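Heads up, the thing below is written out as structure tokens.
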Number of protein chains: 2
Amino acid sequence: MRSRIELLSGWFNGVQAQMVSGTEPRAARALVECVPNFSEGTRLEVMDAIQSAAADVAGARVLDRHADAVHNRMVLTIAGTPGPVAEAVFRAVARGAALIDLDTHRGVHPRIGATDVVPFVPLGATGMDVCIELAVRMAMRIAAELDIPVYLYGEAARSTARRRLPDLRKGEYERLKAELGTDPSLAPDFGPARVGPAGATAVGARRPLVAYNVTLATSNLGLARTIARDIRESNGGLPAVQARGFATADPNVVQVSMNLLDTRRTSMSLVFERIREAAAQRGVRVLQSELVGLAPAEAVVDVARQSLQFGRLTANSLLEAHLLEQALE
Amino acid sequence: MRSRIELLSGWFNGVQAQMVSGTEPRAARALVECVPNFSEGTRLEVMDAIQSAAADVAGARVLDRHADAVHNRMVLTIAGTPGPVAEAVFRAVARGAALIDLDTHRGVHPRIGATDVVPFVPLGATGMDVCIELAVRMAMRIAAELDIPVYLYGEAARSTARRRLPDLRKGEYERLKAELGTDPSLAPDFGPARVGPAGATAVGARRPLVAYNVTLATSNLGLARTIARDIRESNGGLPAVQARGFATADPNVVQVSMNLLDTRRTSMSLVFERIREAAAQRGVRVLQSELVGLAPAEAVVDVARQSLQFGRLTANSLLEAHLLEQALE
């Protein structure tokens, strides 16, 4: 059922869109985000040093830092115009390579290097091609200046076998250390066919994703792993969902940790509901949801849309979204 | 129960906040929003003309237009720096006064003038004092240049009796036309003690509000009115909630129409749940939620926080919020 009010609203949107596009054309300003993951989540002085290295580049900004001692991992969110973002990220990667030793690194999250993964993400109207080019240049620079083997992944991958991070990470740093020189299938896209203590790095390009965790009030790690296996796409679960079960620092809490690669295909609401139901069947309750880093407004607004049955609610319903558009002109 | 991960997250926020505040001081750029309401929701050429009048001021931007034929009312959302926003709004008010005749205007929403109400709202770190001053200047200009009686309301009100719009609107335009010249309690703050066909206008300042409607699948207008009466603050209901029951263009749908004056005190989630329960008790189901105009990100994020049990989720969890902060520096 659609009321006349809804029809009018839609109609007016058309008018407004038309008016906006009728003004003078605007130069599109390329904006990108980069979310490098570092294999250090416990030593504060090391995390601070890596973050500081990225902080002094005009045109790029460290928007968020998220660390987890059990994963022994830190994620920075850096955004701005392409050149400055790449410069900030490279400085952080170089600092990480100098300060992190994979031979002594332990954590529950799989990893191949001091800087484990460097994804470039297009923001706003920026094209994926911009991020693929950034990834290739970054890969070449890391290989040339830091002597680190680099794999291109995601949209920047040069073979299907290297598109998915879980495939690239099989066996982790330890396997690369043992076999990189002898197994041709492990040959990097750039850099030497051997690893030092900084390991290897995956550099790529992808759409914005939501790193989303749900914690469960149980000590049963097997349950988190079972639920993760059931919901992830690679096991026939929900589209565009990667999921793993993890322990946490609290022995009475386990975590289903996810990457939602496209929340238009599978929303946070749906994932939460599936996990809640699966846990409830075993008499376990959900403790809470958690974002790792930042989320695109669209993904969060979509949760509100579903839970309060909004006929229409998008990131454009937010005052701040319009201010941002205005400010970036 | 707080896990170590949560504690770390909080701690890092402290570090990040400190880093940000440690950079050079920034000039705060005053930003305001104005949400004028016009008594025209059917004639497209009149609505277009009013919107166009506001569109050509550099430094101000018409972000949204929402109209409703049954209310016979249009709401523009205009944002930018204070002077330009005031200029854009004044032009729209002048156009509305020339094109709208209250003697022939009918609609279910109470109103006193062609431009019924002009609220100024501080955005970001802008102070309420900026908006009170804008309101007083706007009131004086409307009175002087358009010969329209103006009442100051909200934070700009000069007496308690004029703080609330519902009090100002009692008896509407028709009462002002009959009694403005003779009833001293109706004397305007600025302008003549008589109304022409453009009626009178309330000009004020307020915190950001969320104009939020919930539609019910019933022809029973009495039910919408009963629910509105039960939930509104003035009848002892929910804090910071104004509510009315309305008919819609669809005879099988009625609407509970609300202003949420402070979603930190009463959230959209709570209001929705109360309405859903009250309707269900009479066997009526909620059709959908609807925003009128735009909402502050905080109000929408809070819905997602509650429904997915996020331990922490604010407007600062959105990538776009950080980009906006960066863009406005």
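Table for the structure above
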| item | result |
| --- | --- |
| The range B:138-158: number of residues that are of a type in the set (D, E, K, R) and more than 15 Å from B:Ala94 (Cα to Cα) | 2 |
| Which numbered condition A:Gly107 misses (of (1) of a type outside the set (A, V, I, L, M); (2) open to solvent by less than 20 Å² (accessible area, probe 1.4 Å); (3) part of a loop (DSSP other than H, G, I, E, B)) | (2) |
| Condition check for A:Leu134: of a type in the set (A, V, I, L, M, F, W, C), under 23 Å from A:Val210 (Cα atoms) and modelled with pLDDT under 95 | no |
| Filter pass, A:Phe90 being in contact with a Cys (Cβ under 6 Å, 6 or more places away or on another chain), closer than 21 Å to A:Glu155 by Cα and in contact (Cβ under 8 Å) with a residue 24 or more places away in the chain | no |
| Residue count, the range B:290-310 (criterion: assigned to a loop (DSSP other than H, G, I, E, B) and modelled with pLDDT under 95) | 3 |
| Selected residue (only one of B:Ala125, B:Ala143, B:Ala94, B:Ala135 is open to solvent by less than 10 Å² (accessible area, probe 1.4 Å) and aliphatic (A, V, I, L, M)) | B:Ala135 |
| Pairs where the first residue, in the range B:107-122, is without any contact (Cβ under 8 Å) to a residue 40 or more places away in the chain and the second is surrounded by 24 or more Cβ atoms within 10 Å (Cβ to Cβ), C-beta under 7 Å, 6+ apart | none |
| Residues that are more than 7 Å from every other protein chain (Cβ to nearest Cβ), without any contact (Cβ under 8 Å) to a residue 40 or more places away in the chain and within 25 Å of the chain's Cα centre (by Cα), drawn from the range B:277-314 | B:Glu298, B:Asp302, B:Arg305, B:Gln306, B:Thr314 |
| Long-range neighbours under 6 Å by Cβ, at least six apart or interchain, first residue within 13 Å of A:Ile275 (Cβ to Cβ) within the range A:240-251, second not in a strand (DSSP E or B) and not aliphatic (A, V, I, L, M) | A:Val241/A:Arg232; A:Val241/A:Glu233; A:Val241/A:Thr266; A:Ala243/A:Arg232; A:Gly245/A:Arg225 |
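Here's the yes/no breakdown for (1) free of Cβ contacts under 8 Å to residues at least 60 places away in the same chain; (2) of a type in the set (A, V, I, L, M):
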| position | (1), (2) |
| --- | --- |
| A:Cys131 | no, no |
| A:Arg141 | yes, no |
| A:Ala144 | yes, yes |
| A:Ile148 | yes, yes |
| A:Leu152 | yes, yes |
| A:Ala156 | yes, yes |
| A:Glu172 | no, no |
| A:Leu176 | no, yes |
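The values are calculated or read from the model by the stated rules, or taken from the named source; none is laboratory data. Everything quoted here is computed from the prediction, not taken from an experiment. Glycine also receives a Cβ, built like all others from the backbone with ideal geometry; neighbour counts cover every protein chain displayed. Accessible surface areas use protein heavy atoms only, side chains included; no ligands, DNA or RNA. Shrake-Rupley method; radii C 1.70, N 1.55, O 1.52, S 1.80 Å.
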